[in-house]
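I have placed the structure first, in the form of structure tokens, so that the comments after it can refer back to it.
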Amino acid sequence: MAIEAASPHTMNTYGRLPIALERGDGAYLWDVNGKRYLDALAGIAVNTLGHNHPKFVAALQDQVTKIIHSSNYYHVPNQEKLAEKLVGLAGMTNVFFGNTGLEANEAALKLARKFGHDKGIERPEIVVYEKAFHGRSIATLSATGNEKVQKGFGPLVEGFIRVPLNDIAALKAATEGNKNVVAVFFETIQGEGGINAMRAEYLREVRELCTANDWLLMIDEVQCGMGRTGKWFAHQWAGIVPDVMPLAKGLGSGVPIGAVVAGPKAANIFQPGNHGTTFGGNPLAMRAGVETIRIMEEEGLLENAAKVGAHLKGALQNELGKLAGVTEVRGQGLMIGVELAKPCNVLSARAAEAGLMISVTADSVIRLLPPLILTQAQADEIVSILCPLVKAFLDE
Ligand SMILES: *Cc1c(COP(=O)(O)O)cnc(C)c1O
């Protein structure tokens, strides 16, 4: 069966490959023609448990027979259960549930603005970063540091101050004497921006600066969170705790879910009527979140992400690190980027052709985000498929 590049009735929003996936099992996927792929993308850091995980499938089947949706007019018991679990893992206190990453970030931005208004700041300003990606709503695309995402959608939302990564002097200079600043907002490891990490020392300095100035430290862990780097949340490698933390992607292992987790400084900003969503926190998504975390703990997937990720990065470093056309192999756990010296978007199609799902982001960064169940043998398989493709591409 031939797959058309574009579909006549869905909007033309994605540059899709001509592949239609039908099913998955563990770290493998099969398309409608029966071709097998090793999944080193996990639906963009979403399928934490891989595909068709027996414990996860059984739990979702059980949930579907009970209740899928009920509305937030009533309590949803698993909201409380998942919130309690998340705040325990994060060292924070309260959670608001939505459905996507941008919604979690939108809630964070609203929290920051109301935090300011509650202190008498009428025009609150939020510090954001170069190359950041926070989503595609009008507010979150305004916070995003990528003109391609913003182009055509102006006027952008005001109230953002943009600074470079890992430069504490630049952050201080950009906010010096500005009484309207209410929050600093960034990804611990930028995903769409090209796997760019905030350094641990910088994270600690920003934490101190936020505390000293009574600003909210808001860390977007939508992509790098939920165990991907080998800790529950990537900022935990620096030993800090944010005031606000949006989550989404990996939290439901494929079921749409978003959450904004707050510490004491941000936990009581929203009062009844300030924020809400119809679908957010629904019983199906909450069960998915509860079971994802339970299975991750049962199967030691944080340790696995750290171990297999280090092995994968090391192997890629060995194979590609010294090549002239390779700028850097970087990342942590199972969030790995290989930056080439030239644009390489064509490589996602070539890898798929060779039976490997990857993505290319920021034009020249090969991005690997495999499911956290990846085995060392499967990591070796990624290397053995990807490296020859990269070498051939660099020779062109
Ligand atoms: C994907 C992503 C988002 C947006 O999430 P959606 O669910 O696509 O709205 C926001 N922030 C980061 C860091 C992301 O990686």
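Based on DSSP, what percent of beta bridges with both residues in the stretch 67-299 are antiparallel, to the nearest 5?
Just about 45 percent of them are antiparallel.
Loop sites only, by DSSP: take the chymotrypsin sites (Phe, Trp or Tyr not before Pro) in the chain that have at most 16 other C-beta atoms within 10 Å and name the longest stretch containing none of them.
After excluding every exposed loop site, the longest remaining stretch is 154-396.
I'd like the carbon and sulfur percentage of the solvent accessible area for the chain, probe radius 1.4 Å, heavy atoms only, ligands and nucleic acids excluded.
Roughly 54 percent of what the probe reaches on the chain is carbon or sulfur.
What accessible area per residue, rounded to a whole number of Å², is obtained for the stretch 3-61 using a probe radius of 1.4 Å?
59
Whole-Hz ³J(HN,Hα) for each residue in the stretch 382-393, computed from phi via Karplus 6.51 cos²θ - 1.76 cosθ + 1.60 with θ = phi - 60°, x for glycine and proline: what do you get?
My calculation for the stretch 382-393 gives 4, 4, 6, 8, 6, 4, x, 5, 5, 4, 4, 5 Hz in order.
Among 244, 184, 383, which one shows the biggest mean-square fluctuation in a GNM of the chain, springs joining Cα atoms closer than 10 Å?
Greatest mean-square fluctuation among the candidates belongs to 383.
Mind telling me which of 252, 34, 15 comes out most flexible in a GNM of the chain, alpha-carbon contacts under 10 Å?
With Cα springs under 10 Å in the chain, the top fluctuation among 252, 34, 15 is at 15.
When all protein chains stay in place, what accessible area (Å², nearest 10, 1.4 Å probe) is found for residue 210?
0
Which whole-Hz ³J(HN,Hα) couplings does the stretch 282-294 yield from phi under the Karplus relation 6.51 cos²θ - 1.76 cosθ + 1.60, θ = phi - 60°, glycine and proline marked x?
Whole-Hz 3J(HN,Hα) from phi for the stretch 282-294: 5, x, 5, 5, 5, 4, 4, x, 4, 6, 4, 5, 4.
About the Cα centre, and with charges only on the beta carbon of Lys, Arg (+1) and Asp, Glu (-1), how big is the dipole of the chain? Nearest 20 debye, please.
280
Residue 243 accessible area, nearest 10 Å², 1.4 Å probe?
Surface accessible to solvent at residue 243 totals approximately 10 Å².
How much of the DSSP beta bridge set in the chain is antiparallel, as a percent to the nearest 5?
Of the beta bridges lying entirely in the chain, close to 70 percent run antiparallel.
Please find, in a Gaussian network model of the chain (springs between Cα atoms separated by less than 10 Å), the residue of 250, 321, 225 whose mean-square fluctuation is greatest.
321
Roll a 1.4 Å probe over the protein chains and send me the accessible area per residue for the stretch 67-299 in Å².
42
Calculate, for the stretch 304-367, the solvent-accessible area per residue in square angstrom, rolling a 1.4 angstrom probe over the heavy atoms of the protein chains.
Normalised by residue count, the accessible surface of the stretch 304-367 is 38 Å².
When all protein chains stay in place, what accessible area (Å², nearest 10, 1.4 Å probe) is found for residue 7?
Near enough 60 Å² of accessible area.
Mean separation of Cα pairs under 8 Å and 6+ residues apart, divided by the residue count of the chain: what relative contact order is that in percent?
Values: 807 pairs, mean separation 84.6, N = 396.
Averaging sequence separation for qualifying contacts and normalising by length gives 21 percent for the chain.
When only C-alpha pairs under 8 Å and at least 6 residues apart count, what is the relative contact order of the stretch 1-150, in percent?
Relative contact order for the stretch 1-150 comes out at 10 percent.
The values are calculated or read from the model by the stated rules, or taken from the named source; none is laboratory data. The structure displayed is predicted, hence computed values, not measured ones. FYI the Cβ positions are ideal-geometry reconstructions off the backbone, even for glycines, and counts take in every protein chain you see. Side chains included, ligands, DNA and RNA excluded: accessible areas come from the protein's heavy atoms. Shrake-Rupley method; radii C 1.70, N 1.55, O 1.52, S 1.80 Å.
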